[in-house]
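These notes concern the structure reproduced below.
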Amino acid sequence: MVKLAKELDLSAKFKWVETLDTSSHVLELENAHDDLKREVAFYNQTLASVKDAKDRLLKEKIPYKRPEDYFAEMLKSDAHMARVKDKLIFEQKKMNAVEERKKSQAHKKVAKELQSQKVKERLKEKNDTLDAVKQWKKRKITNAASAVGGVDDDESFEQMLEGAGSSSKRPRGNDDKKSGDRNNRDKKNFKREAHNKKFGSGGKTKLSHKKNDKKSTNDFSSFSRGRNNEGVGKRGKGGKPPAAKSRPGKVSRGKSVQKRGRK
């Protein structure tokens with residue numbers, strides 16, 4: 001063992017700056033089987049050795065910090081690191097896709113459950129309505145006064161249907177909103193009243209009374225055969241009907257307007 005220790009001793013062959021050996025601190029442990037205390041002892045011994053080595057480097061004026069312009073070459077090439085980066089990005093995208101797929105499946109499951117619940121509620125509402133109709137028919141047969149009180153019977157039927165429908169329907173939260181909108185509609189709109197006062201309310205017009213009825217349809221007193229057949233049978237040269245009066249041009253119309261203005 002002593003021979004091997006001498007062979008492994010590098011202090012005789014190399015200077016201290018080449019080996020930086022600092023092992024003067026003795027490791028003392030009360031219980032070597034306690035993992036936590038053993039690791040703490042290793043840490044304290046290493047920290048003490050580093051402090052001793054730093055003091056010795058400063059004493060011998062040996063620089064131990066890397067200069068700013070020091071060129072350090074990486075162990076891995078840029079191409080290799082680019083492949084590593086691409087792989088990490090791919091793994092991240094893969095994990096995100098899996099998470100999105102899980103969320104989508106969860107949303108589909110919830111939507112399917114809601115749809116199934118809605119179908120069950122509709123089926124229950126239908127069954128309740130059918131049961132209520134059957135009970136109403138039985139009461140109608142057994143009730144001797146149903147033939148006399150037909151109106152009351154219809155009212156009871158409507159009440160029965162309303163009760164059957166409301167028992168299975170879920171309460172909605174926008175009833176208050178609807179009632180509020182209805183109350184707002186009932187309030188006076190002063191802007192609307194001002195418009196109606198100025199332009200009219202958009203009700204009946206002056207010509208609204210001119211509507212056809214049975215009497216006016218069968219009344220032919222205002223019919224004139226000559227006026228209605230005017231222009232029929234009159235042919236011009238070559239058997240063609242006479243051409244209609246052409247509208248005067250823009251200049252002619254302007255002159256006629258000027259003449260009327262002078263008068």
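The numbers here are math on the coordinates, done by the rules we state, and not lab data. Worth saying up front: this structure is predicted, and the values here are computed from it rather than measured. Don't worry about glycine lacking a Cβ; one is built from the backbone with ideal geometry, like all the others, and counts go over all protein chains shown.
Can you tell me the length gained on complete extension of the stretch residue 14 to residue 30, counting 0.36 nm per residue apart and subtracting the Cα distance? It would help to have the intermediate numbers written out before the result.
Values: separation 16, 0.36 × 16 = 5.76 nm, distance 3.56 nm.
Gain on stretching residue 14 to residue 30: 2.2 nm.
For 19, 142, what ranking results if the residue with the fewest other Cβ atoms within 10 Å of its Cβ goes first?
On the way: 19 12, 142 8.
Going from sparsest to densest Cβ surroundings: 142, 19.
Counting other Cβ atoms within 10 Å, keep those with at most 13, restrict to DSSP loop, and tell me which GluC sites (Glu not before Pro) in the range 1-104 are left.
Numbers: sites: 7, 18, 28, 30, 39, 60, 68, 73, 91, 99, 100; in loops: 28, 30, 60, 68, 73.
Of the GluC sites (Glu not before Pro), the ones in loops of the range 1-104 whose Cβ has at most 13 other Cβ atoms within 10 Å are 28, 30, 60, 68, 73.
Treating only the Cβ atoms of Lys and Arg (+1) and Asp and Glu (-1) as charged, compute the dipole magnitude of the range 2-59 about its Cα centre; round to the nearest 20 debye.
On the way: 10 positive and 11 negative charges, 81 e Å.
Approximately 380 debye in magnitude.
Which shape class, rounded, prolate or oblate, goes with the range 2-59 when its Cα gyration tensor gives a ≥ b ≥ c as root eigenvalues, a/c under 1.5 marks rounded, and past that a/b bigger than b/c marks prolate?
Numbers: a/c = 3.66, a/b = 1.42, b/c = 2.57.
Oblate, because a/c is 1.5 or more while a/b does not exceed b/c.
Listing 38, 66 from the residue with the fewest other Cβ atoms within 10 Å to the one with the most, what is the order? Walk me through the numbers before you get to the answer.
Working: 38 14, 66 8.
The fewest-first ordering by Cβ neighbours comes to 66, 38.
Checking the table 15/76; 6/65; 13/59; 13/61; 13/54; 6/61 against a 25 Å threshold on Cα-Cα, which pairs fail?
Working: 15/76 32 Å; 6/65 32 Å; 13/59 22 Å; 13/61 22 Å; 13/54 22 Å; 6/61 29 Å.
Where the Cα-Cα span goes over 25 Å, the pairs concerned are 15/76; 6/65; 6/61.
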